[in-house]
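The values are calculated or read from the model by the stated rules, or taken from the named source; none is laboratory data. Being a predicted model, the structure only gives us computed values, none of them experimental. Ideal geometry is used to build each Cβ from the backbone, glycine not excepted, and the neighbour counts take in all protein chains shown. Keep in mind that these areas ignore ligands, DNA and RNA; they rest on the heavy atoms of the full protein, side chains included. Shrake-Rupley method; radii C 1.70, N 1.55, O 1.52, S 1.80 Å.
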Amino acid sequence: MEESQQSGKEPLNIDAKEKHFEYIKNVIYIRILKRNTIQILIRYDLDIEHGLEFKIRNNKIVAAGGIAET
């Protein structure tokens, strides 16, 4: 859960997958890893510490979460 006292900003209140697209700013990187794995890091408009990270292995999403959680 987002702590507004810690970040200094109000929570984004993203409670549905469609709401993510309103806040996506850019793709930080696409990294090619070993064992047919790709890692994609997407940053939110809020700041550089908020965003999504995906790991794709053999054309399937194997992990999705916040930055540094996958």
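If a residue must be assigned to a strand (DSSP E or B) and surrounded by fewer than 14 Cβ atoms within 10 Å (Cβ to Cβ), how many such residues does region 13-37 contain? It would help to see each step written out before you state the result.
Kept after step one, since they are assigned to a strand (DSSP E or B), are these residues of region 13-37: 24-33, 37.
Then drop every residue that is not surrounded by fewer than 14 Cβ atoms within 10 Å (Cβ to Cβ), which leaves 24, 26-27, 29-33.
Final tally of qualifying residues: 8.
Restricting attention to region 38-59, and to residues there that are among the hydrophobic types (A, V, I, L, M, F, W, C) and surrounded by fewer than 17 Cβ atoms within 10 Å (Cβ to Cβ), which single residue is modelled with the highest pLDDT?
To start, the set of residues in region 38-59 that are among the hydrophobic types (A, V, I, L, M, F, W, C) comprises 38, 40-42, 46, 48, 52, 54, 56.
From the residues that got through so far, the ones that are surrounded by fewer than 17 Cβ atoms within 10 Å (Cβ to Cβ) too are 38, 46, 48, 54.
Details: ILE38: 95, LEU46: 68, ILE48: 65, PHE54: 91.
Once the filter is applied, the top-ranked residue is ILE38.
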So which pairs qualify, if the first residue must be in region 29-46 and over 26 Å from GLU18 (Cα atoms), the second must be of a type in the set (S, T, N, Q) and open to solvent by less than 40 Å² (accessible area, probe 1.4 Å), the Cβ gap must be under 7 Å, and the two must be at least 6 apart or on different chains?
LEU33/GLN39
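Are any residues in region 23-37 of a type outside the set (A, V, I, L, M, F, W, C) and either modelled with pLDDT under 80 or closer than 19 Å to ALA63 by Cβ (or both), and if so, which ones? Outline the logic, then answer.
Start the filter on region 23-37 by keeping residues that are of a type outside the set (A, V, I, L, M, F, W, C), which leaves 23, 25-26, 29, 31, 34-37.
Those that are of a type outside the set (A, V, I, L, M, F, W, C) and either modelled with pLDDT under 80 or closer than 19 Å to ALA63 by Cβ (or both): TYR23, TYR29, ARG31, LYS34, ARG35, ASN36, THR37.
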